[in-house]
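To keep things clear, I will list the structure first and then write my remarks on it.
The values are calculated or read from the model by the stated rules, or taken from the named source; none is laboratory data. These numbers come from a predicted model, not from an experiment. So basically every Cβ, Gly included, is an ideal-geometry build from the backbone, and we count neighbours across all protein chains shown. Heads up: the accessible areas ignore ligands, DNA and RNA and are worked out on the full protein's heavy atoms, side chains in. Shrake-Rupley method; radii C 1.70, N 1.55, O 1.52, S 1.80 Å.
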Amino acid sequence: MGEMFMQLWLTTVLAATALTVPAVPAVPAGLGSAVASPGRQADFAAAAREHGVPESVLLGVAYLESRWDANGGRPSTAGGYGPMHLVDTFPAEALDGTVGDALGDARGDEARPMPRARVEPLASSALRAAQQAPRATLPQAGRLIGVAPTRLRTDPAANIRAGAALLASYQDHPSSNPADWYGAVARYSGSEDPAAARRFADEVFSVLREGMERRTDDGHLVRLNPVPDLPPFVDRDESDLDASPAGAPPFTDEQIGTDADTGTGAGTDADAGAPVITDEGYDSAKAESGARHAECPASLACEWMPAAHRRFGKKKHRDYGNHDRLSRTRSVDYIVIHDTEGTYRGIPSLVRNPKYVSWHYTIRSRDGHVAQHAATNDIAWHAGNWDVNTRSIGIEHEGYLAKGGTWYTEAMYRASARLVKFLAAKHRIPLDRAHILGHDNVPGTTPATVAGMHEDPGPYWDWAHYFHLMNRPFKAAENGESIIIRPSYATHRPRFTGCDTAKPAKACPPHGASAVWLHTAPKASAPLVKDVGKHGNKAATHSVYDHGARASTGQRYAVAERRDDWTAIWYLGQKAWFHNPASAPTAIPAKGLLVTPRKDNVKVYGRAYPEKSAYKLAGHQPLRPLQYTIGTGQTYTLGDTVTGSYYAANAFTPSRHVTTTGRLRYHQIQLGHRVMFVKAKDMRVLH
């Protein structure tokens with residue numbers, strides 16, 4: 001793309017954000033120097049002085065990369081180590097081309113099950129076509145300060161020194177003014193895409209402007225004072241996708257040190273300029289759902305990386321992939337958060353293969369770069385439940401639930417929060433945990449599929465921080481009759497097993513977590529509760545991959561009983577106890593509608609399908625209750641009420657799809673770790 005276009009795009013990327021992070025209390029202004037104190041704070045101050053980097057800039061970069069955590073010397077998904085996220089040679093174990101949600105039937109439609117034999121061959125081919133691994137910065141940083149790479153992985157102070165030296169090497173001229181470091185910060189992102197590099201730098205400078213304070217995973221209190229005199233962003237309404245840039249860009253391509261003509265981010269015309277035309281001549285540009293540009297807020301650098309939509313195979317090309325398009329506007333009720341259980345490297349070739357599964361967006365770990373693959377009006381095959389797929393947007397995050405203790409970067413959290421807030425506003429989706437679901441909250445469709453449903457993003461996804469970034473923090477309500485789970489992610493470190501696949505019984509490395517364990521009685525020695533759908537009559541396990549006895553941050557439950565420091569909730573048809581001491585509460589009071597059964601043994605469903613008599617043009621989809629029932633006297637939180645419907649999309653052409661809508665109404669309830677559905681006629685709403 002030309003220099004003029006890149007400068008215009010820079011202004012767009014610099015546009016103001018709808019994502020609000022409450023600033024820390026006011027402190028003396030200046031260059032953002034942190035309050036002097038020993039430990040991690042002092043390490044940043046010393047490294048900044050040694051290498052001539054404004055301390056605020058060094059703190060801002062490190063916060064975006066790691067939230068100042070050391071992560072016990074373990075690498076991020078991108079192979080980055082320590083507070084400065086210095087990237088080592090890409091780890092061999094991370095060379096996995098399979099997106100985790102491809103394991104199983106991601107489409108989840110009984111009427112047209114997906115063959116399982118596709119996944120492994122496609123993953124292998126994706127690796128052969130994979131993108132180049134991220135540039136290794138750890139060896140270079142080590143050479144700059146004369147420290148061995150092995151030490152930079154495990155010594156936070158050395159890591160910060162090396163990161164400061166690396167950042168300084170990207171700066172053309174010495175300066176104590178943080179604003180002069182924008183180009184160096186953009187280069188530090190490691191992104192070869194100028195738009196993505198700028199977005200990373202924008203986010204760093206947003207943190208500088210706001211200020212930040214946090215206690216790290218190893219106990220150090222670090223503070224970044226606000227820097228109020230930075231050049232202001234241009235205010236922008238994020239609902240306007242086509243808003244034209246305003247003002248002159250304060251930073252140039254030369255400052256960033258990248259070639260503008262090689263960019264592939266939002267605003268480039270490599271993919272977005274041409275309609276996606278299948279080999280049958282179906283022109284998606286003419287379809288209402290056929291987006292040709294990424295649907296993103298102006299504050300994100302988003303790439304349009306289209307998923308395949310074409311027929312393949314024999315039998316008159318009846319097979320097609322890898323998503324469904326609509327000839328009408330789709331109603332969206334949910335956003336589903338996934339992690340890839342693989343790396344970003346293989347995503348481009350996987351998502352463009354019609355025999356693979358699909359999802360709407362992927363967010364890269366190291367810099368928060370966003371790629372969109374399917375229009376939000378399209379039905380992607382991602383959640384393993386067709387009813388949820390037809391009413392949801394799926395977002396994959398480069399990362400692993402537990403593999404090797406890898407961690408999610410702040411850059412990815414913030415990019416995702418901006419995207420979700422934008423999509424929720426656009427599609428009028430409530431920002432709560434009844435509508436912003438993890439893949440681990442999506443119910444099985446039938447009794448046969450319950451045990452195999454996915455568990456990502458898992459207990460290490462920081463839901464409290466995520467919603468705080470969306471300016472929807474979980475707050476206590478006065479006289480609340482229900483509770484919202486909310487342990488302190490910084491200090492709550494429950495025991496998990498299963499992070500080491502070679503030693504599944506071994507305890508996982510200590511780590512902040514968003515989940516609480518649920519017991520059969522109010523004591524820690526009591527067995528975990530049972531999940532009959534997942535384990536039959538056996539108790540759940542402490543595996544990080546087993547959420548049969550866990551409740552997660554942000555989820556709202558009805559209180560069944562309280563006893564001393566313990567609280568019981570109604571969970572999968574039973575009382576489930578968790579430790580909730582007043583001195584360190586793991587839940588807060590909440591308000592909201594509740595439902596209770598009108599009769600005993602009320603059936604529970606994994607999808608809200610219509611009654612049999614409603615089907616006229618599509619094949620009947622039987623109502624199959626799951627293994628769970630709930631009885632009189634139990635109470636559950638009400639998340640939504642919907643009318644049963646089924647979207648039959650067993651044809652490539654959208655005009656041949658059939659929607660069946662019935663009269664049967666369902667309540668969506670928080671039954672266990674997953675949401676599920678009960679017939680409204682079986683329940684009584686408690687106001």
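Rounded to the nearest 0.05, what FRET efficiency do Thr653 and Thr329 have when you use their Cβ-Cβ distance and R0 = 22 Å?
Efficiency computed from Cβ-Cβ geometry: 0.80.
Can you give the convex hull volume per residue for the Cα atoms of segment 396-446, as a whole number of Å³?
With only Cα atoms used, segment 396-446 gives 107 Å³ per residue.
Starting from the Cα-Cα distance between Lys612 and Arg311, subtract it from 0.36 nm times their residue separation and give me the gain in nm to one decimal.
So the extension gain works out to 105.3 nm.
How much space per residue, in cubic angstrom, does the convex hull of the C-alpha atoms of segment 580-662 take up?
172 Å³
What number comes out for accessible area per residue over segment 417-535 if the probe is 1.4 Å? Units Å², please.
Using a 1.4 Å probe on heavy atoms only, each residue of segment 417-535 averages 39 Å².
First compute the accessible area of segment 567-624 with a 1.4 Å probe, then give the percent of it belonging to carbon and sulfur atoms.
The C+S portion of the solvent-accessible surface of segment 567-624 is 52 percent.
Step through the table entries Lys403/Lys534; Lys530/Lys681; Lys530/Lys603; Lys612/Lys681, compare each Cα-Cα distance with 20 Å, and write down the pairs that go over it.
Lys403/Lys534; Lys530/Lys681
Where the only charges are on Cβ atoms (+1 Lys, Arg; -1 Asp, Glu), what is the dipole of segment 614-687 about its Cα centre, to the nearest 20 debye?
Dipole of segment 614-687, to the nearest 20 debye: 200 debye.
Compute, for segment 528-651, the length of the dipole vector about the Cα centre, with Cβ point charges of +1 (Lys, Arg) and -1 (Asp, Glu) only. Units Debye, rounded to 20.
340 debye
For segment 585-687, what is the accessible area per residue in Å² when the probe is 1.4 Å?
43 Å²
What residue among Leu638, Ala576, Ile588 has its Cα farthest toward the positive end of the dipole of segment 504-640, where the charges are +1 on Lys, Arg and -1 on Asp, Glu, each on the Cβ?
Leu638
I want to check the label-to-label distance for Ala507 and His535. Put each point 7 Å from Cα in the C-beta direction and report it in nm to one decimal.
1.9 nm
Ranked highest first by the average count of other Cβ atoms within 10 Å around their residues, in what order do 378-391, 153-166 fall?
Final packing ranking: 378-391, 153-166.
Mind ordering 515-527, 546-558, 581-593, 636-648 by average Cβ neighbours within 10 Å, highest first?
Peptide ranking by packing, descending: 546-558, 636-648, 515-527, 581-593.
I need the P(r) histogram for segment 330-433: all alpha carbon pairs, bin width 10 Å from 0 out to the longest distance, whole percents.
15, 48, 33, 4
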